[in-house]
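Remarks on the structure that follows.
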Amino acid sequence: MTISESTKGYALGVLAAASYGTNPLFALPLLGAGIDAYSVLFLRYFFAIPMLALMMMARGRGFGLRRGQVLPLIILGLLMALSSLTLYVSYAYIGAAIASTLLFIYPILVTVIMAIGFHERITRLTVVCILLATTGIGLLYRGDDGAVLHPYGLLLVFLSALSYAIYLVAVNKGRMREIPTLKLTLYVIVFGLFLFAFRFQPSTFNILNDRPLLWVAAFCMALFPTAFSLICTSAAIQKVGSTPVAILGAMEPVTAVAIAILIFNEQLTVRLALGMLLVIMSVTFIIAGGSVTQHLLRVRKMFPRLRR
């Protein structure tokens with residue numbers, strides 16, 4: 001039986017989102033072994049750089065930058081690094097399942113930023129989605145036993161989502177639009193690495209050497225949520241378009257939640273499940289409306305369009 005191009009595209013879109021959602025699978029063992037978030041992210045970024053560089057060389061991409069592109073890339077690198085850092089630190093306060101779900105509000109934040117900063121019209125659908133997301137967050141804030149989630153953890157994951165939303169808006173503006181996404185991603189990670197390099201703990205190598213499987217986790221953390229996810233996303237967009245792939249991004253928090261519950265034994269109550277569902281639904285609806293799709297998936301220029 002021949003598989004259609006659209007079926008392949010949807011499958012690749014699911015793989016892209018699911019692979020990006022594996023962050024907790026590889027990060028939590030490293031954090032649990034006593035490696036601090038700065039050092040964990042240093043490893044992720046450090047291993048991702050040669051992977052992305054090899055992808056660029058395989059596609060014949062150049063590494064050169066124009067003078068006016070360097071400073072914006074440094075700023076974008078710091079934004080991405082801040083988003084990664086606050087997310088990983090939040091795991092210790094509110095758990096990976098809730099943190100990954102709350103991070104998924106970034107498309108709504110993109111919409112709000114575009115409305116406030118660039119005077120884009122907010123539709124009724126956007127308002128409804130914001131209300132749905134707010135309701136979902138309210139349910140996540142307090143568990144079935146009445147316990148309130150750690151406010152510092154909530155603040156951290158909100159800062160993570162906000163930093164990423166600002167990053168997504170910025171890469172679609174001005175001179176950044178001239179840079180192919182793969183090159184842009186490489187330099188963002190290179191410049192973001194400096195934030196973690198200053199706080200990297202040399203004792204990390206002792207921990208990794210004592211438990212060799214942690215080396216595998218560090219390598220996979222760079223491979224699957226970064227390089228593999230980018231490749232699948234690009235291929236999926238070429239086959240089915242950016243909007244369906246953006247909607248399939250809902251698999252990101254779903255994957256992260258499943259990993260947190262099944263592997264790391266985090267608790268999922270009815271109230272939390274309903275809150276997560278509302279957040280995921282609200283973001284899916286707002287993406288389906290088409291107003292933020294171009295900001296969420298700027299990978300069209302990563303590879304040349306495939307010829308049939």
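Select from the chain the helices, each a whole stretch of DSSP H, whose alpha-carbon atoms run 20 Å or more along the helix axis and whose Kyte-Doolittle mean is at least -1.0; answer none if there are none.
5-20, 37-58, 67-94, 124-141, 151-170, 181-197, 270-288
Only Cα pairs within less than 10 Å get springs; with that Gaussian network setup on the chain, which residue of 67, 124, 271 has the largest fluctuation?
67
Please identify, among 68, 13, 138, the residue showing maximal mean-square fluctuation in a Gaussian network model of the chain using a 10 angstrom Cα cutoff.
68
Quick one: check the C-alpha center-to-center distance for segment 166-227 versus segment 33-106, whole angstrom.
What the calculation gives is 4 Å, centre to centre.
Please compute the alpha carbon radius of gyration of the chain, then divide it by the globular-protein estimate 2.2 N^0.38 Å. Two decimals is fine.
Details: Rg = 18.9 Å, N = 308, 2.2 N^0.38 = 19.4 Å.
Relative to the rule-of-thumb radius for its length, the chain sits at 0.97.
Could you check the simple spin-label distance between residue 205 and residue 59, using points 7 Å along Cα→Cβ, in nm with one decimal?
Between residue 205 and residue 59, the label points sit 3.4 nm apart.
Only Cα pairs under 8 Å and at least 6 apart count here; give the relative contact order of the chain as a rounded whole percent. Display every interim value, and only then the final one.
Working: 444 pairs, mean separation 129.5, N = 308.
Contact order relative to length: 42 percent.
Leaving out ligands and nucleic acids, and using a 1.4 Å probe, what accessible area per residue does the chain come to in Å²? Spell out each step's value before the answer.
Numbers: 14470 Å² over 308 residues.
Ligands and nucleic acids excluded, the figure is 47 Å² per residue.
Per 0.36 nm of contour for each residue apart, how much would the distance between residue 265 and residue 197 grow if the chain were fully extended, relative to their Cα-Cα spacing? List each step's numbers first, then the result.
Working: separation 68, 0.36 × 68 = 24.48 nm, distance 3.18 nm.
Computed gain between residue 265 and residue 197 is 21.3 nm.
Among 34, 241, 275, determine the one that fluctuates most according to a GNM of the chain built with springs between C-alpha atoms less than 10 Å apart.
34
With the crude spin-label approximation of a point 7 Å out along Cα→Cβ, what separation in nm comes out for residue 277 versus residue 71?
5.0
For segment 1-98, just say rounded, prolate or oblate: build the C-alpha gyration tensor, square-root its eigenvalues into a ≥ b ≥ c, call rounded for a/c under 1.5, and beyond that prolate if a/b exceeds b/c, oblate if not. Walk me through the intermediate numbers first.
Details: a/c = 2.11, a/b = 1.10, b/c = 1.92.
The shape class here is oblate.
List, largest first, the extents of the alpha carbons of segment 111-261 along their principal axes, each in whole Å.
Here the Cα extents, ordered largest to smallest, are 55, 51, 33 Å.
The values are calculated or read from the model by the stated rules, or taken from the named source; none is laboratory data. If you're wondering where the values come from, they're calculated on a predicted model, not measured in any experiment. Here Cβ is always computed from backbone atoms with ideal geometry, including for glycine, and neighbour counts include all displayed protein chains. Note: accessible area is taken over every heavy atom of the protein model, side chains too, but ligands, DNA and RNA are not part of it. Shrake-Rupley method; radii C 1.70, N 1.55, O 1.52, S 1.80 Å.
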